[in-house]
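Read the figures in this text as sums done on the coordinates, not as results from a lab. Predicted, not measured: the structure shown is a model, and the values here were computed from it. Virtual Cβ from ideal backbone geometry, glycine too; neighbours counted across all protein chains shown.
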Amino acid sequence: MKIDGGCHCGFLTYEGEADPERVVICHCTDCQTHSGSAFRTVAPVPSESFRFLSGEPAVYVKTAESGNQRELTFCPKCGSPIYATAVGEGPKDINIRVGTVRQRNRLVPKLQIWARSEQPWLGELGSLRKIEKESF
C-alpha cells in the first residue's frame, strides 16, 4: 500500500510502499529507549520504493545486542524518529516508525517480537479509564 508521512514539525516528509501484513511491534529495550515508550511499531518498506520528499534526516548508528549495526534516522529539528535500517548500500527494508505515517490507522500489527522485554503492565491497558482528549 502507498504510504506517506513525516516528522512532527514537517521538515522531513517521505513516501513509499508498505506491506500491511508485515507490521511489527518490537518490545526490545533498544526500541523502548529510542521511542521513549514501552514498544515501537514499524512497517517495513523496501528501500527501492522509499524516498524523502523534503529535508535531510540526521543519522545515528547503534549496535544491537546481536552485534549488528542499525542506522536510525530522525528529524534534526524536532527529533521525530523516522526509520531504522541495516547499515550499508543495496536493497533492504526501511522500517518506518508507524507513528509518522499518515495512514497509520491502516497499519495494524501482525506480530510482536522481543516479547521477553515486554512491559508486564501492557496487558492491563484495556481496563484503564479513558479520556477522549487531554483535560488537565
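Among K2, K92, K110, the order by Cβ neighbours within 10 angstrom, fewest to most, reads K2, K110, K92.
Across the range 13-29, rounded Karplus estimates of 3J(HN,Hα) from the backbone phi angles (6.51 cos²θ - 1.76 cosθ + 1.60, θ = phi - 60°) give 10, 8, 8, x, 10, 10, 9, x, 7, 10, 6, 10, 9, 10, 9, 4, 5 Hz, Gly and Pro being marked x. In this simple spin-label model, placing a label point 7 Å from the Cα along the Cα-to-Cβ direction at both Q119 and S49 gives a separation of 3.1 nm. With the simple model of a label 7 Å out from the Cα in the direction of the Cβ, Q69 to R106 spans 3.6 nm. What is the list of residues in the range 1-25 whose amide nitrogen lies under 15 Å from a point 7 angstrom out from the Cα of E56, following Cα to Cβ? Correct set: 12-13.
Quantify how much of the Cα-Cα distance distribution of the chain extends past 17 Å, in percent. Cα-Cα pairs of the chain separated by over 17 Å account for 62 percent. Note on the chain: dipole from Cβ charges, positive end direction compared against F39, L122, N68; the farthest Cα belongs to L122. At a Förster distance of 22 Å, what's the computed FRET efficiency of A38 paired with K130, Cβ-Cβ distance as r, to 0.05? After rounding to 0.05, the efficiency reads 0.80.
Taking the DSSP beta bridges with both ends in the chain, the antiparallel portion is around 90 percent. Relative contact order, whole percent, for the range 49-136 stands at 14, derived from Cα pairs under 8 Å and 6 or more residues apart. Computed 3J(HN,Hα) for the range 64-75, one whole-Hz value per residue from the Karplus formula 6.51 cos²θ - 1.76 cosθ + 1.60 where θ = phi - 60°, is 6, 4, 6, x, 6, 9, 10, 8, 9, 10, 7, 6, glycine and proline marked x.
For the chain, the 222 nm mean residue ellipticity estimated from helices alone, with every DSSP H stretch of n ≥ 4 adding -39500 (n - 2.57) and the total spread over all residues, rounds to -1500 deg cm²/dmol.
Peptides 33-41, 75-83 ranked from most to least packed give 75-83, 33-41, packing being the mean of other C-beta atoms within 10 angstrom over each peptide's residues.
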